[in-house]
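The values are calculated or read from the model by the stated rules, or taken from the named source; none is laboratory data. From a predicted model like this one, the values you see are computed outputs, not experimental measurements. Counting neighbours? That spans all protein chains shown, and the Cβs are built from the backbone with ideal geometry, glycine included. Calculation scope for accessible area: heavy atoms of the full protein, side chains included, ligands and nucleic acids excluded. Shrake-Rupley method; radii C 1.70, N 1.55, O 1.52, S 1.80 Å.
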Amino acid sequence: MTGFISHMQTALCEARGAAEAGEVPVGAVIVGPDGKVLAQTRNRMRELKDPTAHAEMLAIRAACAALGSERLTGCDLYVTLEPCPACAGAISVARIARLYYGAADPKSGGVAQGPRVFDHPQAHHKPEVYCGIGEQEAADLLKTFFATRR
């Protein structure tokens, strides 16, 4: 097995693209068990006029389509912000193996904050969770984005 390769910089690039498009700057990347990127995307809720078009949801949909399966067993998800409860639920149901996220989300997070979805007995699957990957850059993107809107 080769050494760990982070895909957070790609997720951060997607987040910057989201900000440029007027979306909350969140980016996500899903990597298959073979190390190949299956999906990379960003928040597109305003663009698609879809409240479920979070970066994680769109990445999960694209990765499932790429694999031809509703399960993403052995896959890794990199996302710049702690997933919300809805996205955490989708991550669990998709059976994603590892979740890497950047900034914590004290207001709307669902992993280490709020409902802590993976800690519930009803969770279908609990991925390995690694937080703080690219945290400062992700947090700075969010702060800058919201500062320009207030």
Q. Of the residues in segment 73-101, how many are closer than 20 Å to Glu14 by Cα, hydroxyl-bearing (Ser, Thr, Tyr) and surrounded by fewer than 16 Cβ atoms within 10 Å (Cβ to Cβ)?
A. 0
Q. Does segment 34-69 hold any residues that are small (Gly, Ala, Ser), farther than 24 Å from Thr148 by Cβ and either touching a Cys at 6+ places or on another chain (Cβ under 8 Å) or not in a helix (DSSP H, G or I) (or both), and which are they?
A. Gly35, Ala39, Ala63, Gly68, Ser69
Q: Output the qualifying pairs, or none if there are none: Cβ atoms under 9 angstrom, residues six or more apart or on different chains, first residue in segment 90-114 and more than 23 Å from Ala39 (Cα to Cα), second residue of a type in the set (Lys, Arg) and open to solvent by 30 Å² or more (accessible area, probe 1.4 Å).
A: Gln113/Lys107; Gly114/Lys107
Q.
I need the full set of residues from segment 1-33 which are part of a loop (DSSP other than H, G, I, E, B) and modelled with pLDDT of 95 or more, in order please.
A. His7, Ala21, Gly22, Glu23, Val24, Pro25, Val26, Gly32, Pro33
Q. Is segment 111-132 home to any residue that is assigned to a helix (DSSP H, G or I) and crowded, with 24+ Cβ neighbours inside 10 Å?
A. no
Q: Examine segment 58-72 for a residue that is under 21 Å from Asp140 (Cβ atoms), touching a residue at least 12 places away in the same chain (Cβ under 8 Å) and open to solvent by less than 10 Å² (accessible area, probe 1.4 Å), and state whether such a residue exists.
A: no
Q | In segment 23-54, the residues that are in contact (Cβ under 8 Å) with a residue 24 or more places away in the chain, in contact with a helix residue (DSSP H, G or I) (Cβ under 6 Å, 6 or more places away or on another chain) and not β-branched (Val, Ile, Thr) | A | Glu23, Pro25, Gly27, Ala28, Leu38, Ala39, Gln40, Arg42, Asn43, His54
